[in-house]
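For reference, the structure discussed in these notes is given below.
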Amino acid sequence: MRINIINDEKNFRFLYIELQFPSIGIVKRFNEWTDDYYEGFKADFPTEIYYLTDKKEYWHFSLTLLGFGFKFVNQNEY
């Protein structure tokens, strides 16, 4: 889920918060070579700490623990 606080595409100014959740789902795939269907499940629980900046116009901070987390992104100029 993404929440835009500043979204000024004309001047390349962005500030948004993105909430992250683990993904769990059912996988159904068709194999064209053997004409078989495969079924199963997929679960994704990423963990990361991420910080990136150019010390002037852009910074990005992300903190995720077992799939639950948030991401802040701020860009002031191009």
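Condition (residue is in contact (Cβ under 8 Å) with a residue 24 or more places away in the chain, surrounded by fewer than 13 Cβ atoms within 10 Å (Cβ to Cβ) and not in a strand (DSSP E or B)) applied to segment 50-66: is it met by at least one residue? The answer is yes, given that some residue of segment 50-66 is in contact (Cβ under 8 Å) with a residue 24 or more places away in the chain, surrounded by fewer than 13 Cβ atoms within 10 Å (Cβ to Cβ) and not in a strand (DSSP E or B). Scanning segment 1-19 for residues that are acidic (Asp, Glu) and either touching a Pro at 6+ places or on another chain (Cβ under 9 Å) or within 30 Å of THR47 (Cβ to Cβ) (or both) yields a single hit, GLU18. Return a yes/no flag: does segment 46-60 have any residue that is modelled with pLDDT of 85 or more and in contact with a Gly (Cβ under 7 Å, 6 or more places away or on another chain). Yes, segment 46-60 contains at least one residue that is modelled with pLDDT of 85 or more and in contact with a Gly (Cβ under 7 Å, 6 or more places away or on another chain).
Search segment 1-34 for residues being under 11 Å from VAL73 (Cβ atoms) and of a type in the set (D, E, K, R), and hand back the single one that is modelled with the highest pLDDT. Among residues in segment 1-34 that are under 11 Å from VAL73 (Cβ atoms) and of a type in the set (D, E, K, R), the one modelled with the highest pLDDT is GLU18.
Quick one: which residue in PHE21, PHE30, PHE12 is on the phi > 0 side of the Ramachandran plot, out of contact with any Ser or Thr (no Cβ under 6 Å at 6 or more places or on another chain) and not charged (D, E, K, R)?
PHE12
Scanning segment 1-32 for residues that are among the charged types (D, E, K, R) and assigned to a strand (DSSP E or B), we see that the one that is nearest to the chain's Cα centre (by Cα) is GLU18. Would you check which residues across segment 33-43 are assigned to a strand (DSSP E or B) and either loosely packed, with under 10 Cβ neighbours inside 10 Å or touching a residue at least 40 places away in the same chain (Cβ under 8 Å) (or both) and list them? Result: ASP36, TYR37, GLU39, GLY40, PHE41, LYS42, ALA43. Taken as a whole, the condition of being among the aromatic types (Phe, Trp, Tyr) and surrounded by 10 or more Cβ atoms within 10 Å (Cβ to Cβ) does not apply to PHE30.
The values are calculated or read from the model by the stated rules, or taken from the named source; none is laboratory data. These figures come from a predicted structure and were not determined experimentally. When we count neighbours, we look across all protein chains shown, and the Cβ atoms used for this are built from the backbone with ideal geometry, even at glycine.
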